[in-house]
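The values are calculated or read from the model by the stated rules, or taken from the named source; none is laboratory data. Note that the coordinates shown come from a computational prediction; the quantities given were computed from them, not determined experimentally. Ideal geometry is used to build each Cβ from the backbone, glycine not excepted, and the neighbour counts take in all protein chains shown.
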């Protein structure tokens, strides 16, 4: 007669807030995770753990999952890290970790959380995210330009110059008027970009900043990525966005870049028309953005 083995129940899962003291543990979880959604560089995680909402998932042995938010903007936050250890059923883990995370966000006064996913390698999370109440918000689509020719120089009466730290308040004003809260930059992000971006332009009219654009360089300068371009709403349609695009394209050509890329929301049809007129073409890549209303 066979001997019956005793049934072993899985260890109960619990959560606790994560802090700076957990940095090494969190980085190790991310490095060895069987499942992960990460949209932030490792070097930024220490700063987030110092005060942004973050939660660890624990089993009977130790940490087995982590979720970390970005810095809240008004009442909105992006989920920047989600990682789960191997051997841990994703649905079971997410059904414990994320509701607790939502409670942590509510306690911080957050009203809505966003998460981005490429929709293919991240399918492990989708069913549970939808079951928990996450909804599709938009797609972020990728464009590229491989020939640095331009159809126009744009509005040549507008002055383009390199941005300085004194321009930050005006840049933030432009940003707030051009983007909904989940897409806005804050003073820290703009300040970092001013110091680190290889090129950061502002468009000036009558001594007033009415637009801006900045880029990052990758692969030894072979790829230039247009991170942001924005023009005051009442000045749009006057060739200022085209002028900024001309300056960006000229910079990419002057540095010998092989490719110029940018991302934009699928619903931003006016911007997409401008990019396509300028010779940008869709790559077929996209990121799906999900939102959860708390």
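Assuming residue 205 fulfils every condition listed in (1) in contact with a strand residue (DSSP E or B) (Cβ under 7 Å, 6 or more places away or on another chain); (2) over 19 Å from residue 150 (Cα atoms) apart from one, which condition is it? (1) is the only condition that residue 205 fails.
Look at region 172-183: where a residue is free of Cβ contacts under 8 Å to residues at least 60 places away in the same chain and a partner is surrounded by fewer than 14 Cβ atoms within 10 Å (Cβ to Cβ), sitting 6+ places away or on another chain with Cβ atoms under 7 Å, you get 172/187; 177/233; 178/233. In summary, residue 87 fulfils each of the numbered conditions (1) farther than 12 Å from residue 29 by Cβ; (2) buried (at least 22 other Cβ atoms within 10 Å of the Cβ); (3) at pLDDT below 95 with the single exception of condition (2). Scanning region 105-122 for residues that are touching a helix residue (DSSP H, G or I) at 6+ places or on another chain (Cβ under 9 Å), surrounded by fewer than 19 Cβ atoms within 10 Å (Cβ to Cβ) and at pLDDT below 95 yields a count of 1. Quick check, is residue 143 buried (at least 19 other Cβ atoms within 10 Å of the Cβ) and either without any contact (Cβ under 8 Å) to a residue 40 or more places away in the chain or within 21 Å of residue 234 (Cα to Cα) (or both)? No; evaluated as a whole, the condition is false for this residue.
Does residue 24 count as surrounded by 13 or more Cβ atoms within 10 Å (Cβ to Cβ) and either over 17 Å from the mean Cα position of the chain (by Cα) or closer than 19 Å to residue 105 by Cα (or both)? So residue 24 does not fit the description; no. Within region 226-238, being crowded, with 19+ Cβ neighbours inside 10 Å and within 15 Å of the chain's Cα centre (by Cα) holds for 226, 228.
Residues in region 61-72 that are in contact with a helix residue (DSSP H, G or I) (Cβ under 9 Å, 6 or more places away or on another chain) and in a loop (DSSP other than H, G, I, E, B): 62, 70, 71, 72. Of the strands (runs of 3 or more DSSP E) entirely within region 198-294, those holding at least 1 residues that are closer than 19 Å to residue 139 by Cβ occupy 223-231, 259-265, 281-293. Kindly check whether there is at least one residue in region 249-258 that is surrounded by 18 or more Cβ atoms within 10 Å (Cβ to Cβ), closer than 12 Å to residue 160 by Cβ and in the same structural domain as residue 148 (by TED's automatic domain parsing). Scanning region 249-258 turns up at least one residue that is surrounded by 18 or more Cβ atoms within 10 Å (Cβ to Cβ), closer than 12 Å to residue 160 by Cβ and in the same structural domain as residue 148 (by TED's automatic domain parsing).
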